[in-house]
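Student: Quick one: this structure, given as C-alpha cells, is what I'll be asking you about.
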Amino acid sequence: MASAQAAFARAHRGAEGTAVILSANPIHDTGGGQRSAQLALELLQRGWAVAFVSHGVVTETVDLGLRYEQPRLVRWTMQEALRPDARRSLLEALEEGSGLVITQVPVREWIPWVREATERGAPTVYDCIDRWDSELGRGWYRRDVEAEVARASTTLVASAPVLVDHVEELTGRRVELVPNAFNGRIFDAGLRAGLPRPATFPEEGRVALYVGALWGGWLDWDLVRSAAEALPGTTFVFVGDRRGEGRRLPGNCTFTGLLPQTELPPYLAHADVAFLPWHADDVTAATSPLKVYEFVAMELPVIAPAIEPLRGIPGVWTEGSPEAFVRALGSVERRGLGDEKLGEMRAFALDNSWARRVDDLLSLAGDGFRAEGKGGHADARSSLATEASAGRSCISVVVPAYNHERFIGRALESVQRQTLPPGEVMVVDDGSPDETAEVVEGFVGSRVRLVRQENRGAHNALNRAIRLSRGDWIAVLNSDDAWEPERLEHAWAVSRETGAALVLGSVRLVDDDGSAVDPTHEIARWYREARSWAEEAGSLRAVMARHNIGVTTSNFFFHRSLWRRLEGFRDYRYVHDYDFIARAMELCPGGVVYEPELGGVLYRVHAANTITDGGAAQRERKALMTSLARPVGRLRRMVSAWRGRRPLVQEVEASSILEPVGGPNIESRNVAPARGGAVGGRPRVGLVVDALGLGGLEEVVALLAQALPTAGVDTAVVCVGKVGDVARRLIDAGVDVSVLGGRVGQLGAWASEKGIVAANSHFAPVEAVEALAESGVPVVETVQNCYAWLDDEGWSAERRRADSVAGVIAVSETVGAYYARRTGRASDWTVPNAVHPARAAAAPRAFARQVLGLPEEAPVLAFVGRITEQKNPAGLLEAFAEASTGLPEAVLLMAGPADSSARLSALRQRYGELFRTGRVRHLPDVRHVGTVLSAADVYVSNAFYEGWSVAASEAAWNGRPLVLSETGGSRALIGLAVGEGGQGDRDARDEQVVFGDRGVVGERGVLVPNACGDPLSVDSAAIEALDGERRRLSAKVLSAAMVDLVGNAPLWRSRQAAIRSWARQELAPAVIAGRYARILREVADLEGP
C-alpha cells in the first residue's frame, strides 16, 4: 500500500488535474470499454492524474491480460482507498489543485469520503449509470444510501433520461443528462477501408453484429433465435463473454468471446448491420448503450428495441415488436444508408465523443475555477448552480494578454461598456514582463478573472483562456484592441440569424491613441484592398485565398463546439487566426460567415503588431497554406453539415440577467432547503404558472426564474398543467422545475419540500392559489393583462383569487385599475415586465434588412405579436393604407402568427393591393425579434387592450420610437409621465390626456387613442359593438401619427440613444428582479439583503 501511495504522489506531481473515480469494476474489465474506464483514459490523455478505485471485482470470466500502465494512473480497490493514509493523500491532492471525485457506485462506505471531499472544496459528481435497484444491484444496493451519496455530491449527472428522473426524485435537485459516447481515438470511420476483415466473418454474405454482455436477463435469446431462423443468409456474430448462454441457436450464429475494445474496429468496419436483441424492460430503458455510439461512429446501422434513450439517434432503428425487429434486421444495412443518413450519423458522432463528454463533465463540475480563479472553494463546490447563473449558453470573452500595460485597461473598459454584457471575462497573462497583469488586477471581480502563466505563446494563452471559460459562445479580444459598445450584441445577432459557427466582421484601424490610422499607412492600404476584393470575390474561400479578411482574432465570435472540433488554435506565431478560419471552412463551409455590416472592432496598429512583421508572417503563411493543401488528414474526412444543424447554435441566455461566475451563495441551488425555507441564508420563492409552453406570460416567468437569484432570492418553478418549450429551456438552464399535471392537491407538499417562503402566481388556476394559501404560503399575484376576455364566471373566479392572495402586482397602473374595478382588490405594487436582452438583441440595421429582404432606404414600420382580435390588425392596416398615400415608399412589417387562417385571409382580401405590392409583409414565423426591430424605423401597435407590451418594450430596447394606442403601460412606454422614484413605469391614470387629430407626442413616441375609448372599459362586448365610424376615426389619428414619425425621422434618430438608454435602465431583468425580490421578501416577512 505504501508503494501505491508513493506511485500516486508521483502521478499527481505536475499533473493538469487530479480525478478520483469510484467505479463498479476494475479499469480493464469488459475489455476496457466501460464508461468509467473511458472517462479515466480521456483524463489521462489530457495530463490528469487518475486514482481509479474499484468497488467490485472483475465481472468477466475471461482474463484478456489487459493491464493499463500509465505513469499518472493508480489503481486501488475500495478497501485500499478507504485506509486513512490513502484517503488523506487523495484528499490533500484534490485540495492542492484542480480536481474532482466521480462516484458511480452508491455504497455506504463512500459517503464520508464524498462528504469530506466536498467540505475541502473539491467538486464531487454522482454519476448514475444504471438502475441499481434492479438485478444489477442485487445483494448490495439500498435506496437510502444512494440518496445520501447523491445529496452529498455537488453535481448530479445520469447517463439516461430514466436515471435523470430517478435521481431527481431521490434528491429533489437538478440532474444533468450526460449519455455515453465513443472513443474517437479507436473508432474512426475514416479508417474503415484499411482495416482487415475478421477471420470469424464469412468471406461473403451479410453479417449482423452484437457486441456486449451476453449473460444478463435483458438478453432476448428467443428473439435471436427467431431472427437467425428468418435470415439464414445472414451470419450473426456475437462479441462478448458468453458464460454458456445462447445455446441451441441455428448454425448461422457464431461467438468470438470477449475482445479488448481496441480490437473491435475491424468488426464494426466489416459488419453490415448491428443489433441489440434486448427485452424492452426497466433495466434496458435506463441504459445508454455505449456500443451504439461506437456503431454509429463507424457508420454501422443499428436495429434495437423501442427504448427511450435510443430514439432519435441517426442510424438507429427502434422497433416495437419482434416481427418488426426481424424485418428491419433483414432489410437495413450500411450500403443502403445513403449520403443524407451517413451525414447525420457523422454529425452525431462529432458531438458524442468521450472528449466532448469530459468537457461537459468538467464544465458541470466547475473544474479549474478553484485552482485558477480567485473565488475560493465555493467556486468549485457550486458547479451546477454556477452553470445556471453563468449560463452554459452565455458569452465568454477571452483575453490573451502579453506586454500591453498601455492598452489592456482600455480593452477591458470596452468590454464593460457592452450593451449585451458577457457572462465572464477570462484573462490569461502570458508571462508579461511589464505591468499588464497588475492593470488587470484592478478589474478582477465577479465577472473578470485573471490567470498568469509563463510565456508560452499567443495560441497557448488563447486556448487556455477558452478552456477555463464556460460560455457556449466565445468572443476573443486581444489585449491591445478594443470594441465599440454594440459589438457583442451585433455579433450574437448575426450568428443567431445565420446559424454560423464562426462570425467575422469588419474592423476599424486605430493608432495608439485610438484615432483613425492614416489612410496612406501600408496596413490601411492593404485593408482597403482586402475589403474591395471581398466585395468582388464569389466566396469567402476565394477571399481568404488572397487576404486574411478576419484581420485579427479580436474579430472572432464562435461557438465552443467549433473550437473543440478543431482542437483549438495551433502553434503559429503570426497566422494562428488565419489557420483557424481555414480549418473551420474545411470542417463546415457554410458555418463560417463574413458579414461586412458587422463592425465594432477597433484594431490597434502600433509598432509591436505581429501583422507588421511582414517577412516572417509571409513565410509562416506560406508554410500554413502548404500544410492545408495536403490531400490527407482528419479534417478532410469530417462532414460539412453545420448549416443544416441549427440546434448546435444554441439560444444564448443573456448574461446581463444572470449571476456572474463566482457570485455570492450560488452553491445554494445545489443543496436541499433548510427548515424555514432558507437555503444557505437565501430565501426560496415559488413561481406558479398554469402552462410553460410558448407565450408572452411564460417568457416573463422564465425570465424571473433566472433573474431573481441575482437579487438574492432562489427560485423553484411549478407548472400546474402542461409543459413545453419554455419548461425544457429552463431545465436546461438549471432551473428547478416541477410539473403537477393538474394535481393541485400536491402544491402544499411541493412548497414544503422546496422550502418555499412565498409564491408568485402568474394567472395560475385559482384552485392552485387557494391551495398554496391554505398551506400557509403567502401568494402574490401578478396581473399581466386587463383580462378583457373574461366573462362573469371568470371574474367570479378572479374575485376568489383576490381574496386568497397576500398581495397584487400589476404590470401597469391601467391593469391595476382595471382589476380593482372588477374584483374590488386594488393592486399593491406596479412593476412592468422586463426585456430579455438576448431575445431583443439588436443586429446591424443593413444586415437585418438584407436578412428580411427589405429595401435599404425605405421607411419600415413594424408590429410584432400574434395577429388576433386583441391586437386590432384591421385597424392597423386601415391606418397604414391611409398613410401610404403620404408615405409611398413605406413598408409595414407584421411579424407574428395569426390566431386563425380565416382572419389572415380576410385581411389579405381586404388589403390585397398592399400585400401584393409588398407594401405590407407578413412574417408568420418570428424566429428573432431583435432582427425585425433592428430593421424597423418605427414600432406601431393599435391594440384594444394590453397589460404591458413586451414587444413595445423590446422595440424601445432597440431605440425605436413607438406609436401605441392607449392601453396598459402605453403612457409610460411613450414617456408621457415619469413615475415616482424615477421608475418610469407609471401610467399616471389620474392625469387626463387630450388627444388631437395626430395623437400626443411623448419622449419616446406618440400615443393615440384607443378605438374603444377608455381602456378601463374595454371588454369583448365593447370590441364587438365598435362601429365603423369610431374605427375610421381611430385609424385616421394613427395614420397621421405614422406619417409624422416617419416625416421627422432625423429627430427620432437623434433620440434613439436616449430611448435605448431608458429601456435598458428601467426594464433590465436585474432591475425588475430586484423589485420582485423586495416584494416577495416583504410578504414573507423577511428582512432585505
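The values are calculated or read from the model by the stated rules, or taken from the named source; none is laboratory data. Quantities reported herein were computed from a predicted structural model and do not represent experimental measurements. We place every Cβ from the backbone using ideal geometry, glycine too, and count neighbours over all the protein chains shown.
Student: Quick one: in the stretch 996-1022, of everything that is under 18 Å from residue 863 (Cβ atoms) and of a type in the set (A, V, I, L, M), which residue is surrounded by the fewest Cβ atoms within 10 Å (Cβ to Cβ)?
Tutor: Here the answer is 1006.
Student: State whether the residues of the stretch 474-481 include one that is in contact with a helix residue (DSSP H, G or I) (Cβ under 8 Å, 6 or more places away or on another chain), touching a residue at least 12 places away in the same chain (Cβ under 8 Å) and part of a helix (DSSP H, G or I).
Tutor: no
Student: Next question. Among (1) touching a Phe, Trp or Tyr at 6+ places or on another chain (Cβ under 7 Å); (2) at pLDDT 90 or above; (3) under 20 Å from residue 601 (Cα atoms), there is one condition residue 432 misses while meeting the rest; what is its number?
Tutor: Every listed condition holds for residue 432 apart from (3).
Student: Name the pairs: first residue in the stretch 1012-1038 and in contact (Cβ under 8 Å) with a residue 60 or more places away in the chain, second residue outside any helix (DSSP H, G or I) and of a type in the set (Ser, Thr, Tyr), Cβ to Cβ under 7 Å, at least 6 apart or on different chains?
Tutor: Pairs that qualify, where the first residue is in contact (Cβ under 8 Å) with a residue 60 or more places away in the chain and the partner is outside any helix (DSSP H, G or I) and of a type in the set (Ser, Thr, Tyr), are 1015/945; 1015/967; 1018/945.
Student: Follow-up. Could you tell me which residue of the stretch 775-797 is surrounded by the fewest Cβ atoms within 10 Å (Cβ to Cβ), considering only residues that are part of a loop (DSSP other than H, G, I, E, B) and among the aromatic types (Phe, Trp, Tyr)?
Tutor: So the residue we want is 789.
Student: Also, I was wondering about something else. Where in the stretch 1024-1077 are there helices (runs of 4 or more DSSP H), lying wholly inside it, with at least 2 residues that are crowded, with 19+ Cβ neighbours inside 10 Å?
Tutor: 1028-1047, 1056-1066
Student: Scan the strands (runs of 3 or more DSSP E) fully inside the stretch 239-310 and keep the ones with 2 or more residues being crowded, with 20+ Cβ neighbours inside 10 Å and hydrophobic (A, V, I, L, M, F, W, C).
Tutor: Ranges flagged: 273-275, 302-305.
Student: If I filter the stretch 299-318 down to residues being aliphatic (A, V, I, L, M) and farther than 19 Å from residue 331 by Cα, which single residue comes out as nearest to the chain's Cα centre (by Cα)?
Tutor: So, considering only residues that are aliphatic (A, V, I, L, M) and farther than 19 Å from residue 331 by Cα, the one nearest to the chain's Cα centre (by Cα) is 310.
Student: Are any residues in the stretch 204-263 touching a Cys at 6+ places or on another chain (Cβ under 8 Å) and not β-branched (Val, Ile, Thr), and if so, which ones?
Tutor: Once the filter is applied, which keeps residues that are touching a Cys at 6+ places or on another chain (Cβ under 8 Å) and not β-branched (Val, Ile, Thr), the stretch 204-263 yields 228, 236, 238, 246.
Student: Looking for whichever is within 16 Å of residue 954 (Cα to Cα) and surrounded by fewer than 22 Cβ atoms within 10 Å (Cβ to Cβ) here; the options are 825, 839, 821, 800. Which one fits?
Tutor: 839
Student: Can you tell me which residue in the stretch 71-106 is surrounded by the most Cβ atoms within 10 Å (Cβ to Cβ), limited to those that are free of Cβ contacts under 8 Å to residues at least 60 places away in the same chain and assigned to a loop (DSSP other than H, G, I, E, B)?
Tutor: Per the stated criteria, the residue is 106.
Student: Which one of these is in a helix (DSSP H, G or I) and modelled with pLDDT of 85 or more: 346, 370, 357?
Tutor: 357
Student: Among the residues of the stretch 337-348, are any buried (at least 17 other Cβ atoms within 10 Å of the Cβ) and in contact with a strand residue (DSSP E or B) (Cβ under 8 Å, 6 or more places away or on another chain)?
Tutor: No; the residues of the stretch 337-348 include none that is buried (at least 17 other Cβ atoms within 10 Å of the Cβ) and in contact with a strand residue (DSSP E or B) (Cβ under 8 Å, 6 or more places away or on another chain).
Student: Which condition breaks for residue 856 when tested against (1) part of a helix (DSSP H, G or I); (2) not polar (S, T, N, Q); (3) not assigned by TED's automatic domain parsing to the domain that holds residue 706?
Tutor: Residue 856 satisfies every listed condition except (1).
Student: Mind telling me which of the residues 464, 449, 470, 456 ends up being under 29 Å from the mean Cα position of the chain (by Cα), assigned to a loop (DSSP other than H, G, I, E, B) and touching a residue at least 12 places away in the same chain (Cβ under 8 Å)?
Tutor: 470
Student: Next question, about the same structure. Condition (residue is buried (at least 23 other Cβ atoms within 10 Å of the Cβ), out of contact with any Gly (no Cβ under 7 Å at 6 or more places or on another chain), not aromatic (Phe, Trp, Tyr) and not in a helix (DSSP H, G or I)) applied to the stretch 133-153: is it met by at least one residue?
Tutor: Scanning the stretch 133-153, I find at least one residue that is buried (at least 23 other Cβ atoms within 10 Å of the Cβ), out of contact with any Gly (no Cβ under 7 Å at 6 or more places or on another chain), not aromatic (Phe, Trp, Tyr) and not in a helix (DSSP H, G or I), so the answer is yes.
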